[in-house]
Amino acid sequence: MASQSPQVALTPSLEGGWYTDQSVFDAEQRAIFARRWLCVARASEIPRPGSYLTVTVAGESVIVVRDADHHAAAFYNVCRHRGSRLLREHHGVCGPVIRCPYHAWAYGWDGALRAAPNLPDPQRDNWASLGLHAVAIEERYGCLWLNLAPQPQPFAQDTVRQLLDRMGSDELVARWGLERLATGRQTVYEVAANWKLIVENFSECYHCPSVHPELTSVLPEFKRRRGTLHEIGYGAAYGDGVGGFTVDGRAGLPPLAGLSDTETRRYYGLVLTPNVFLNLVDDHVILHWLQPIAPGVTRVTCVWLFDPDVLAAGYDIEPSVQLFHTTNLQDFTVCEGCQLGAASRVYAQGGYLVPVEQQLQRFHDEVRAAVAADPGA
Amino acid sequence: MASQSPQVALTPSLEGGWYTDQSVFDAEQRAIFARRWLCVARASEIPRPGSYLTVTVAGESVIVVRDADHHAAAFYNVCRHRGSRLLREHHGVCGPVIRCPYHAWAYGWDGALRAAPNLPDPQRDNWASLGLHAVAIEERYGCLWLNLAPQPQPFAQDTVRQLLDRMGSDELVARWGLERLATGRQTVYEVAANWKLIVENFSECYHCPSVHPELTSVLPEFKRRRGTLHEIGYGAAYGDGVGGFTVDGRAGLPPLAGLSDTETRRYYGLVLTPNVFLNLVDDHVILHWLQPIAPGVTRVTCVWLFDPDVLAAGYDIEPSVQLFHTTNLQDFTVCEGCQLGAASRVYAQGGYLVPVEQQLQRFHDEVRAAVAADPGA
Amino acid sequence: MASQSPQVALTPSLEGGWYTDQSVFDAEQRAIFARRWLCVARASEIPRPGSYLTVTVAGESVIVVRDADHHAAAFYNVCRHRGSRLLREHHGVCGPVIRCPYHAWAYGWDGALRAAPNLPDPQRDNWASLGLHAVAIEERYGCLWLNLAPQPQPFAQDTVRQLLDRMGSDELVARWGLERLATGRQTVYEVAANWKLIVENFSECYHCPSVHPELTSVLPEFKRRRGTLHEIGYGAAYGDGVGGFTVDGRAGLPPLAGLSDTETRRYYGLVLTPNVFLNLVDDHVILHWLQPIAPGVTRVTCVWLFDPDVLAAGYDIEPSVQLFHTTNLQDFTVCEGCQLGAASRVYAQGGYLVPVEQQLQRFHDEVRAAVAADPGA
């Protein structure tokens, strides 16, 4: 009964186990999330020297702190003495040293050990070896990006390369000035679906007409089931009678400064694997980043970014926010439906990609290659 | 200390791990619950064409729908495209097609693919291969029975055979007219015990005097610790002063039509492995079906079935319902006590069956044989 | 980045996996908690013949009952027939037999089978083989100690030996008269940390100045980060202006009878691995026992023991209780911080012990040796 699919001439999708097996999840955490550049926060979340965040990356708690030179630094949140967590709050401001709450070992903002009670003097020779384990960090596009790899590939070869592949150059994204935009809203979604289902969902518009009535009203060409990823630099046009990128098509906010005429009244979607989606419209930016929690659980943070002057002026951002918040909820619901199916024995061999979903194949290849190269735990 | 049982001349029971190990549970799900006929619902739950249920069998979500010819059909609840769950409600009425909520692929009530947006015309040749995966279904005894096996054994060789072995013929059960009875009460119990402990419990009356004061008051011969399974066609007699099969022995409801004199004032218990218990008395029927959830968790659905005219006339069914509801609660409590002991190191080799429990041995042999034949995941 | 620690000349601690791996936990349960003597309760919890407790040791439910001769006896809480739990309450008083709630097999307080319905007479020969599985028990220091090993090592070689190693003789502990002290307070802490982190924490005072302001006010020498375990028979002196072993240093209760002058105004800490801490001060005793629940969860029971006459007289024990309750909460918080770090990849090789923490090395060696000798499940 469960075997009537001998030769379907469609591209196969990933097999069901890719979405449900703990061993696959663990391999992805090692091979992808502990080796690639990941967005973990907006840079504005650590505004001043001593401001810190603790974030979780590939299961690791990492301290991100702004140092005296206003540079961001990152360290494993693990004392070198007996492994105690150093900072337990999600964010805060630390003093001139980060002091372990257990035995009072103290580290500078550069991670160096500064004090350790009762450690005999001869050990001082070893102090240079007893600094916090560092994590690579970049502050780009107004975001903080971490890479847990001992020898990380350059950010330019990972994230920037993807941006160039999608947009042709970095000029367009540069004109959006992500560094100077301010967060108008931040929402965290706990999604009962594998992280890859969420990336796949964002990578195709085949589902747009059946899932997104509001979004396809604003972007009528999405009713043709093709998004913006198929052509370098492509943006989808607002519909003729549409006032702006809002939940009901009413006019939006004053446009961001510096955009060209061809960039207004257009929506640009970008996927920067493994964990970022970027959505550019003429009056705001929507940024998503993903954190896989378990094979069937992903935390998605979504921030809506605006011109700080527009926020300060008290404009109503709600119609803008609601369009993608509605879209998010619609997407995450269908992703959760796929997660339920992925565990079925009739999905053990996976499903199919139709031609308009071909963007997914590249993502699948990328994941397959990374996991194949994983040397194991 | 834990080793003083060298040569006890009693039949051994199953070893403790049969009730606690995840690998045993998984093997049973494959070898028994994905290969045998299972009762999943009363047929009346899908009364009209388009009425559907979604049920879980051996971890699989299955759609059961009544088609235009009033036949029941069943399919895996998994879209052939990218695995989305198709129907997420437990029951409802679907339109002429079952449409996937993700990309709008649509299937008929026969499982055939009817529509798939953007699927190129040449692919139409493959559409016959893209129907929903079917599940074997039988509508018998007023119940819906599913079998996940690719080539299921005939229902007659599995379930009917057991009924004949117990009753000698199918005449007696036929006289109860299970198809025309109506559900007066349905209760779902979440039991913290392995499904086999519940089958074992129903298969012996050794526990009746210590566990079931109400039941043994109505059926005094149960105080002799022997139930009804030891003799073909046997039914246990109500006590002399007992008015009916009720919690306090008061008179019950008008008797069902068509029963012979020897069938009134008697209780017949049947076990139809792997997941059904049937209890026949002269004025109603109690039907249990089991759904294993985890090694130590089983969901038991119990329905009390009555003559629809009696229900319509407004008779008080509560004294009838309460007798077996009370019995159920008593049984499930002692089953949960055995589950707790099954994990002990001193139960690793299992316990013993006394002679009056010999029915259990056949069940143990059946389970051992099925799992031994399991080819693995 | 995660590899800057080539040659630090400090003693290594246990590797992170010792605190997080289920397989290590299982091995420890077998090799340590099912083979060593464990404190499970105060003896006063079963005051009279027939009084019983059910306690969990190494995952096993054990009945502890006081027999007609006032001796404590212990048995696995598992019926020999089909494995049912016999007693489900945490404590109570049982009748002259312990009767299984399922099929009414009945056992004496000595564990012998006394009644089994329908068991054929020839089987009576086997009844001697059908008694409850016994567990070794000792009643010492006012406590009930269990040992699940089939052939337990003598209590004197395990627990008493440790006490002698720590104190030089058993005279000092004997003078405290633990058998006649009464429980003034009992608190159960659910700690999100591996049991070994809690033993390590109690075994060093390196953390005292940073974690325990109240305790180090009463015992100023603890500010020097050295506890009482480094020297046979050593007790730490109260500070000069300190009135007693209370949370704010006020005077405590009337001293226990029979202590010598050198024993007043001193605190003695003892570790009796694997699961007991003992704290002796001149007016009360604080006793901890540990129960590992999972790699990252430990239940700690702490009792405060006083002269029964002092309790009867209505003295305020709160200032005494609060000192160690406060200390407990401080300790368990830092232990939970270490548990979080133990799972980090940068702690896979563990951390370091400074010279003043050398007591931990013996404990680590003891655990390593026991697990190395574990023959497996």
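Listed by first and then second residue, the pairs with beta-carbon distance under 6 Å, at least 6 apart or on different chains, first residue in segment B:127-143 and at positive phi, second among the small types (Gly, Ala, Ser), are B:GLY142/B:ALA43. In segment A:68-92, the qualifying residues are those that are of a type in the set (A, V, I, L, M) and out of contact with any Asp or Glu (no Cβ under 7 Å at 6 or more places or on another chain), and the one that is nearest to A:PRO152 (Cα to Cα) is A:ALA74. Within segment A:188-217, the residues that satisfy the criterion of being farther than 18 Å from A:GLN358 by Cα and either out of contact with any helix residue (DSSP H, G or I) (no Cβ under 7 Å at 6 or more places or on another chain) or aromatic (Phe, Trp, Tyr) (or both) are A:VAL188, A:TYR189, A:GLU190, A:TRP195, A:SER210, A:PRO213, A:SER217. Taking segment C:1-95 and the strands (runs of 3 or more DSSP E) fully enclosed by it, the elements with 3 or more residues that are within 14 Å of chain B (Cβ to nearest Cβ) are at C:51-57, C:60-66, C:72-76. Here C:TRP109 fulfils each of the conditions (1) in contact with a Ser or Thr (Cβ under 9 Å, 6 or more places away or on another chain); (2) away from every other protein chain (no Cβ under 12 Å); (3) aromatic (Phe, Trp, Tyr) apart from (1). Checking B:GLU263, B:GLU231, B:GLU221 one by one, the residue that is under 15 Å from B:VAL285 (Cα atoms) and either crowded, with 18+ Cβ neighbours inside 10 Å or not polar (S, T, N, Q) (or both) is B:GLU263 and no other. Can B:GLY296 be described as farther than 30 Å from B:THR183 by Cα and within 14 Å of chain C (Cβ to nearest Cβ)? Answer is no for this residue. Per this entry, A:PHE245 is counted among residues that are touching a residue at least 40 places away in the same chain (Cβ under 8 Å), in the same structural domain as A:LEU178 (by TED's automatic domain parsing) and part of a loop (DSSP other than H, G, I, E, B).
Pairs are defined by a Cβ separation below 6 Å, a sequence spacing of at least 6 or placement on different chains, a first member in segment C:299-324 that is among the hydroxyl-bearing types (Ser, Thr, Tyr), and a second member that is part of a loop (DSSP other than H, G, I, E, B); the pairs so defined are C:TYR315/C:LEU253; C:SER320/C:THR246; C:SER320/C:GLY252. Here A:ALA115 meets each of (1) over 24 Å from C:ARG345 (Cβ atoms); (2) at pLDDT 95 or above with one exception, condition (2).
Within segment C:299-343, the set of residues being within 14 Å of chain A (Cβ to nearest Cβ), surrounded by 20 or more Cβ atoms within 10 Å (Cβ to Cβ) and among the β-branched types (Val, Ile, Thr) comprises C:VAL334 only. Can you find a residue in segment A:139-160 that is within 14 Å of chain C (Cβ to nearest Cβ), buried (at least 18 other Cβ atoms within 10 Å of the Cβ), in contact with a Leu (Cβ under 6 Å, 6 or more places away or on another chain) and of a type outside the set (D, E, K, R)? Yes, segment A:139-160 contains a residue that is within 14 Å of chain C (Cβ to nearest Cβ), buried (at least 18 other Cβ atoms within 10 Å of the Cβ), in contact with a Leu (Cβ under 6 Å, 6 or more places away or on another chain) and of a type outside the set (D, E, K, R). Modelled with pLDDT under 95 and either part of a loop (DSSP other than H, G, I, E, B) or of a type outside the set (A, V, I, L, M) (or both), is that true of B:SER217? When the stated conditions are applied, B:SER217 does not pass them.
Considering segment A:96-108, and only residues there that are crowded, with 23+ Cβ neighbours inside 10 Å and in a loop (DSSP other than H, G, I, E, B), the residue that is nearest to the chain's Cα centre (by Cα) turns out to be A:CYS100. When A:ALA116, A:ALA136 are checked against the criterion of being within 8 Å of chain C (Cβ to nearest Cβ) and surrounded by fewer than 20 Cβ atoms within 10 Å (Cβ to Cβ), A:ALA136 stands alone in meeting it. Inclusion of A:GLU179 among residues that are among the acidic types (Asp, Glu), surrounded by 22 or more Cβ atoms within 10 Å (Cβ to Cβ) and under 18 Å from the mean Cα position of the chain (by Cα) is not warranted. Residues being of a type outside the set (Asp, Glu), in a strand (DSSP E or B) and not assigned by TED's automatic domain parsing to the domain that holds B:THR273 are represented in segment B:114-130 by at least one member. Taking every residue in segment C:16-43 that is under 27 Å from C:HIS71 (Cβ atoms) and pairing it with any residue that is basic (Lys, Arg) and crowded, with 20+ Cβ neighbours inside 10 Å, at least 6 positions away or on another chain, the pairs with Cβ-Cβ distances below 9 Å are C:ALA43/C:ARG66.
The values are calculated or read from the model by the stated rules, or taken from the named source; none is laboratory data. This structure is a prediction, so every number in the text was calculated from the model and none was measured. Backbone-built Cβ (ideal geometry, glycine too); neighbour counts: all protein chains shown.
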